[in-house]
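Everything on this sheet refers to the single structure shown next.
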Amino acid sequence: MRAAESTVRTDVLISGLGTALAGVPGPDALLDPPGDGPATDPVDALRGPGLRYKDRATKLALCAARDALADAGLLGPDGDLTVDGDDFGVVVSSNWGNVDTVCDASATIRRGTYKATSPMLLPNTASNVTASWVAITHGLRGANVTLCNGPTSGLDAVHWAHTLVAVRRLRRVLVIGVEPANEPVRHLVGDAGPVFDGAVAFVAEAADAVRTRGGTPLARIGRYARAGDLPRALAGARDGESAPPDAWWLPERPLSPAVPDTTRPAGVPAHDLSARYGRCSGALGVLQCVAATAALARASGSSMLAAAGQGLRDGGPGEDDAAAALVLHRVPGPSGGAAS
């Protein structure tokens, strides 16, 4: 490695966004009022061999991934990747993921031993199956990671994608947050309310890589912090910030009903995506970043603060074990998406 390339990259940019949510036509619509008409399932548009054996989380992730890559200008007219896939990785966050496949396989083995399982379905019980299929589909041969890390998982995934690019392990990472709404997930969540059913994705890319190919930066990934409680995580992410954020993207309430709502910061608009879309679990942090980036690209502010997980409160049962926070910054014109 040349000396000039050995330094840590300071700027990691978001250059493309994608969504796979019924009733949401794209990232700009994530905060729009719900439509009145019937919502089309995004996976209905998928075409190609092998879909029969893919679980819902993987299908949703494939939809969001395709749209994010296209939005970043990284797919050609034939749908093939237009950049080198050797230094292009995938980081997926999903706590529920392929739980439906795992439950089906377990039930089959219980009824008829392992000999009754399908050789086509059994490999899909691996927790990394969604990230693997996205990588295989688009020829992304870099690091391939799945995080199943509780309520902070989505922001943790953004952090690790940022780290992979910052330390020059990769030039680009496709970050995906996905959770399916199916019977096993509803059983696990219980009576905690509606469950998110969808996927979101964005491309995290080195600033020099965006400039070289003539891409459009939409936002810059800023400081991330993870701590045992929410106030410390927020303080860590905000360290060095001189102005308040233009919006705060709220963490999800823990499953424990005894935990009160998070106190909202005075004077800062707050967005609760879980209240709008149902319990987002591992998809929340990525969903927050996609929605916040879309807002920044519309020139509505200079920074956004995302938070996930409440952290421990007096060590009570059923509470989150940690909290995470992350700041996104607007990229100024003329090359940034927020330029006039």
* Structure fact -> If we keep only residues of region 3-19 that are open to solvent by 20 Å² or more (accessible area, probe 1.4 Å) and either assigned to a loop (DSSP other than H, G, I, E, B) or of a type outside the set (D, E, K, R) (or both), then the residue modelled with the lowest pLDDT is ALA3
* **Unique residue being over 28 Å from ALA181 (Cβ atoms), of a type in the set (Val, Ile, Thr) and more than 16 Å from the chain's Cα centre (by Cα) when the list is VAL102, VAL83** => VAL83
* To do: Name every residue in region 207-249 that is aliphatic (A, V, I, L, M), assigned to a strand (DSSP E or B), open to solvent by 10 Å² or more (accessible area, probe 1.4 Å) and within 18 Å of CYS289 (Cα to Cα), in order of residue number.
  => ALA225
* Can you confirm whether region 50-63 contains a residue that is touching a residue at least 40 places away in the same chain (Cβ under 8 Å), part of a helix (DSSP H, G or I), of a type outside the set (A, V, I, L, M, F, W, C) and within 28 Å of THR293 (Cα to Cα)? => yes
* To do: Determine whether PRO180 is buried (at least 20 other Cβ atoms within 10 Å of the Cβ), within 30 Å of GLY85 (Cα to Cα) and modelled with pLDDT under 95.
  => yes
* Structure fact -> Scanning region 20-49 residue by residue, those assigned to a helix (DSSP H, G or I) and either of a type in the set (D, E, K, R) or surrounded by 17 or more Cβ atoms within 10 Å (Cβ to Cβ) (or both) turn out to be PRO27, ASP28, PRO42, VAL43, ASP44
* Structure fact -> In region 56-101, residues that are touching a Phe, Trp or Tyr at 6+ places or on another chain (Cβ under 8 Å), open to solvent by less than 30 Å² (accessible area, probe 1.4 Å) and of a type in the set (A, V, I, L, M) total 5
* Asked: Can you tell me which residues in region 67-101 are without any contact (Cβ under 8 Å) to a residue 60 or more places away in the chain, more than 25 Å from ARG168 (Cα to Cα) and part of a helix (DSSP H, G or I)?
  -> THR101
* Asked: Among all residue pairs at least 6 apart or on different chains, which show Cβ distances below 9 Å where the first residue, located in region 128-141, is in contact (Cβ under 8 Å) with a residue 12 or more places away in the chain and the second is among the aromatic types (Phe, Trp, Tyr)?
  -> ALA135/PHE88; HIS138/PHE88; GLY139/PHE88; LEU140/PHE88; ARG141/PHE88
* Please go through region 102-143 and pick out each residue that is aliphatic (A, V, I, L, M) and either at pLDDT 95 or above or not in a helix (DSSP H, G or I) (or both). => MET120, LEU121, ALA126, ALA131, VAL134, ALA135, ILE136, LEU140, ALA143
* Determine whether region 127-141 contains at least one residue that is over 11 Å from VAL90 (Cα atoms), out of contact with any Ser or Thr (no Cβ under 8 Å at 6 or more places or on another chain) and open to solvent by less than 60 Å² (accessible area, probe 1.4 Å). => no
* Out of PRO27, PRO42, sole residue that is at pLDDT 90 or above and under 30 Å from ASP208 (Cβ atoms) -> PRO27
* To do: Please find, among ALA192, ALA201, the residue that is surrounded by 16 or more Cβ atoms within 10 Å (Cβ to Cβ), assigned to a loop (DSSP other than H, G, I, E, B) and touching a residue at least 12 places away in the same chain (Cβ under 8 Å).
  => ALA192
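The values are calculated or read from the model by the stated rules, or taken from the named source; none is laboratory data. Just so it is clear, the structure is predicted and the values come from calculations on it, not from any experiment. Here Cβ is always computed from backbone atoms with ideal geometry, including for glycine, and neighbour counts include all displayed protein chains. SASA here: full protein model, heavy atoms, side chains in, ligands and nucleic acids out. Shrake-Rupley method; radii C 1.70, N 1.55, O 1.52, S 1.80 Å.
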